[in-house]
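Novice: Before we start, here is the structure in question, set down as structure tokens.
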């Protein structure tokens, strides 16, 4: 409990740091004493606070989505970007942007979430054809399925002249977040709370279908709930800031190395860790070439794939 | 010639198996002949279809493009088949292991650390040779670490390879974003290549390097079939394993650099051709597989580019279609392999 508190404190410090990094001069002392210029206050309220909130919400939600997915699929190496979910969400957003450009963002997000759900269901359907559930085979098939779905999106976007938009959605970036352009991410928070309430069910479902049924739970219902959470979070994050690779994979795995696999205990850790990691990566991206910014997806791609490699090669696995 | 072939295969029926098709030809020979005809047809169509104006201009303009496509087809097919032989599996390919992403990373790192002046002032061809050398060094190290140490499971290797590819790509992107816009433009010019816009300045040096690599590979031709039996058998049968494998790896790294420099990274093309070649030819003898894979690559690239460019007016969609088909083939291969 104490270490969790420390982690929480570290994340809060990162969030405060994130509030006061930027080209415009916004000083914390002036804000507190009320002597700040109106322009600084406006920047703080309209840009800095929304950006930091978006970082915290998106980070926590993506990390939780990864955790839920790992429980439901029963594999440590899946997350929305290694299961075709993110790519399907992008395809859905692309299709609805082409067919119904006038729809409100909320409706577009809904279509995107439906596509994400469909893509994840397809992934699970493909996995059923694998009789021998090799731990590493699952993310392998997922990454490739994502590639195939991505190729379909690329083809459509290429024909429709939307290649630029597709690239932007696939490249998570918080630099465009201002007041009024991130509020959908609160849905992610709702998903996190639902995941926390249902954590015990997911833990049980993670032990297999027979075990779950034996304990009197409807396995199918738990699966569907988990997949809906994952798809909603993927779609919400994709629509508001673009996809963030590997986050849902790295954070739950590092947490499970530290505190184990009981989801009731790990959910707060994963949420705090996800928020902290996204905050840290975004701060790095903002500072490394100040005053210009590097999108978080690029920073996360380097950090995430390096950590993923570490997780894969950590223990010498005996040849199967 | 067909009569001789037929007589030879009749005299030694066991070597090519019992499958005798049309006109008494063995199946691999038949496949090779059909593929050769298809390659010639697609090359002829590529050169002539929709040509307007002076023939001498059209032929020399398209000839350059054709030569780069042929070089790419040859490099990708040979490097993939050899890589699969050395690693003794049918799923891994150099581009899945992130070798072509590594090439882009090296190129980006040169601009990032030495400045854009290095890219402009050093002679184009000398620079290319240097990049290939660095590439050979790094990929050999990576390969030795992953394959020649402890035994690892195939799925782990594939996954590690793919994630290495993502790491290399992310690193290149990170460095590219940190360059100043002028330097980035220069770098982008040298990296921007696709099937529709190949880089013509490197044709001469590429041809020479590919030829040299092929000569080295040719001298090892006899050991390919033995190597594909696996490490233990190959050593048992008297192949100097490490030396041969490292030599072949150098050849592979050179070929991958060439194809990436000419048309940029293509993840699944090699896998597509090698898999098709294996299933069409039906034997694993390299004297059939290698030419079959090369000709399949020529048909896919030259024929596909002709179809898309002249008939459908999609300029750069070929690589998207290849990624789509290749991904499906890959999933099917993985699933079939694990079902066994």
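Novice: Answer yes or no: is there a residue in segment B:261-284 that is assigned to a helix (DSSP H, G or I), within 14 Å of chain A (Cβ to nearest Cβ) and surrounded by fewer than 17 Cβ atoms within 10 Å (Cβ to Cβ).
Specialist: no
Novice: For segment A:87-189, which fully contained helices (runs of 4 or more DSSP H) count at least 2 residues that are farther than 30 Å from residue B:154 by Cβ, touching a helix residue (DSSP H, G or I) at 6+ places or on another chain (Cβ under 8 Å) and within 9 Å of chain B (Cβ to nearest Cβ)?
Specialist: Details: elements: A:105-128, A:137-160, A:163-170.
In segment A:87-189, the matching helices (runs of 4 or more DSSP H) lie at A:137-160.
Novice: Here's another thing I want to ask about it. Specify which of the listed residues (A:304, A:226, A:248) is within 14 Å of chain B (Cβ to nearest Cβ) and surrounded by 22 or more Cβ atoms within 10 Å (Cβ to Cβ).
Specialist: A:304
Novice: State all residues of segment B:234-274 that are under 10 Å from the mean Cα position of the chain (by Cα) and free of Cβ contacts under 8 Å to residues at least 40 places away in the same chain; if no residue qualifies, say none.
Specialist: Correct list: empty.
Novice: Considering segment B:111-122 alone, what residues qualify as being at pLDDT below 75, assigned to a loop (DSSP other than H, G, I, E, B) and surrounded by fewer than 14 Cβ atoms within 10 Å (Cβ to Cβ)?
Specialist: Those that are at pLDDT below 75, assigned to a loop (DSSP other than H, G, I, E, B) and surrounded by fewer than 14 Cβ atoms within 10 Å (Cβ to Cβ): none in segment B:111-122.
Novice: Run down B:328, B:289 and say which single residue is within 14 Å of another protein chain (Cβ to nearest Cβ) and either closer than 26 Å to residue B:31 by Cβ or at pLDDT 85 or above (or both). Break it down stepwise before answering.
Specialist: On the way: B:289 fails: within 14 Å of another protein chain (Cβ to nearest Cβ).
Result: B:328 is the single residue among B:328, B:289 that is within 14 Å of another protein chain (Cβ to nearest Cβ) and either closer than 26 Å to residue B:31 by Cβ or at pLDDT 85 or above (or both).
Novice: Which ones in segment B:84-110 are on the phi < 0 side of the Ramachandran plot, buried (at least 24 other Cβ atoms within 10 Å of the Cβ) and part of a loop (DSSP other than H, G, I, E, B)?
Specialist: B:93, B:94, B:95, B:96, B:97
Novice: Here is a follow-up. Among B:177, B:152, B:169, which is modelled with pLDDT under 75 and either at the interface with chain A (Cβ under 10 Å from one of its Cβ atoms) or in contact with a strand residue (DSSP E or B) (Cβ under 6 Å, 6 or more places away or on another chain) (or both)? Walk me through it before giving the result.
Specialist: Numbers: B:177 fails: modelled with pLDDT under 75; B:169 fails: modelled with pLDDT under 75.
Exactly one of B:177, B:152, B:169 is modelled with pLDDT under 75 and either at the interface with chain A (Cβ under 10 Å from one of its Cβ atoms) or in contact with a strand residue (DSSP E or B) (Cβ under 6 Å, 6 or more places away or on another chain) (or both), namely B:152.
Novice: At negative phi and at pLDDT below 85: does that describe residue B:211? Break it down stepwise before answering.
Specialist: Numbers: at negative phi: yes; at pLDDT below 85: no.
The answer is no for residue B:211.
Novice: Residues to consider are A:296, A:288, A:283; find the one that is crowded, with 24+ Cβ neighbours inside 10 Å and in contact with a helix residue (DSSP H, G or I) (Cβ under 8 Å, 6 or more places away or on another chain).
Specialist: On the way: A:288 fails: crowded, with 24+ Cβ neighbours inside 10 Å; A:283 fails: crowded, with 24+ Cβ neighbours inside 10 Å.
Unique residue meeting the criteria: A:296.
The values are calculated or read from the model by the stated rules, or taken from the named source; none is laboratory data. All figures in this text were calculated on a predicted structure; none of them were measured in a lab. Neighbour counts run over all protein chains shown; Cβ positions are idealised from the backbone, glycine included.
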